[in-house]
1. From (1) in contact (Cβ under 8 Å) with a residue 24 or more places away in the chain; (2) in a helix (DSSP H, G or I), pick out the condition that doesn't hold for LEU49.
2. Can you tell me how many residues within region 18-36 are assigned to a helix (DSSP H, G or I) and either surrounded by 13 or more Cβ atoms within 10 Å (Cβ to Cβ) or in contact with a His (Cβ under 7 Å, 6 or more places away or on another chain) (or both)?
3. So how many residues does region 67-84 have that are surrounded by fewer than 16 Cβ atoms within 10 Å (Cβ to Cβ), out of contact with any helix residue (DSSP H, G or I) (no Cβ under 6 Å at 6 or more places or on another chain) and assigned to a helix (DSSP H, G or I)?
4. Would you say VAL64 is within 15 Å of the chain's Cα centre (by Cα) and not in a helix (DSSP H, G or I)?
5. Restricted to region 87-119, and to residues that are modelled with pLDDT of 90 or more, of a type outside the set (D, E, K, R) and not in a helix (DSSP H, G or I), which residue is surrounded by the fewest Cβ atoms within 10 Å (Cβ to Cβ)?
6. Please determine, by comparing only the residues of region 1-17 that are in a helix (DSSP H, G or I) and more than 21 Å from LYS66 (Cβ to Cβ), which one is modelled with the lowest pLDDT.
7. Under 6 Å by Cβ, and 6 or more places apart or on different chains, what pairs join a residue from region 70-81 that is in contact (Cβ under 8 Å) with a residue 24 or more places away in the chain with one that is of a type in the set (Gly, Ala, Ser)?
Amino acid sequence: MNNLSLVPVNNQLAIDVKKSEVKGLIMKRLNELNLNFVTYRGNSEFLLLVLNLIEHLVVKKDKVSKKDLAVEIMNDIFNLSPGEKITIEANIQFLWENKNIKKVSKWKLFKCGISEWFFKKK
């Protein structure tokens, strides 16, 4: 009877929990890549990677602001100044308007899942 996961998390707490989970997964993935973050401070390609990861992990029903999450992640990595935050927001807007932010297609996910299932190590 001590299972605390039975108590539901609602409203803003649920949004914050989801945001924290997504942020943790993205930071983990970025650390797995072993990149020297200092060289990617103003790099649009690095920003696009973060945005694509967010697009893959966050769905509309989560009610998480993707733009705010991206700025928060970039701030955690680079400790941005207020001017740099404005620049990052403008770059995000530019990438979104030009349809550069893409979700991984369901077909590609299906193919990867099938190949992992057939070729998994025993």
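The values are calculated or read from the model by the stated rules, or taken from the named source; none is laboratory data. Here the structure is a predicted model, which means the values were calculated and not measured. Positions of Cβ are backbone-derived with ideal geometry, glycine not excepted, and every protein chain shown enters the neighbour counts.
1. (1)
2. Step one: list which residues in region 18-36 are assigned to a helix (DSSP H, G or I), which gives 18-32.
Within this subset, residues satisfying the condition of being either surrounded by 13 or more Cβ atoms within 10 Å (Cβ to Cβ) or in contact with a His (Cβ under 7 Å, 6 or more places away or on another chain) (or both) are 18-19, 21-23, 25-27, 29-30.
Of the residues in region 18-36, 10 are assigned to a helix (DSSP H, G or I) and either surrounded by 13 or more Cβ atoms within 10 Å (Cβ to Cβ) or in contact with a His (Cβ under 7 Å, 6 or more places away or on another chain) (or both).
3. Looking only at region 67-84, we keep the residues that are surrounded by fewer than 16 Cβ atoms within 10 Å (Cβ to Cβ), and these are 67-68, 72, 75-76, 79, 81-83.
Those left that are additionally out of contact with any helix residue (DSSP H, G or I) (no Cβ under 6 Å at 6 or more places or on another chain): 68, 72, 75-76, 79, 81-83.
Retained after the next criterion (residues that are assigned to a helix (DSSP H, G or I)): 68, 72, 75-76, 82-83.
Number of matching residues: 6.
4. Details: within 15 Å of the chain's Cα centre (by Cα): yes; not in a helix (DSSP H, G or I): yes.
For VAL64, the condition - within 15 Å of the chain's Cα centre (by Cα) and not in a helix (DSSP H, G or I) - is met.
5. So the residue we want is ASN98.
6. Step one: list which residues in region 1-17 are in a helix (DSSP H, G or I), which gives 4-6, 11-17.
Filter again for more than 21 Å from LYS66 (Cβ to Cβ), leaving 4-6.
Values: LEU4: 73, SER5: 77, LEU6: 77.
That would be LEU4.
7. Between residues of region 70-81 that are in contact (Cβ under 8 Å) with a residue 24 or more places away in the chain and residues that are of a type in the set (Gly, Ala, Ser), there is no close pair.
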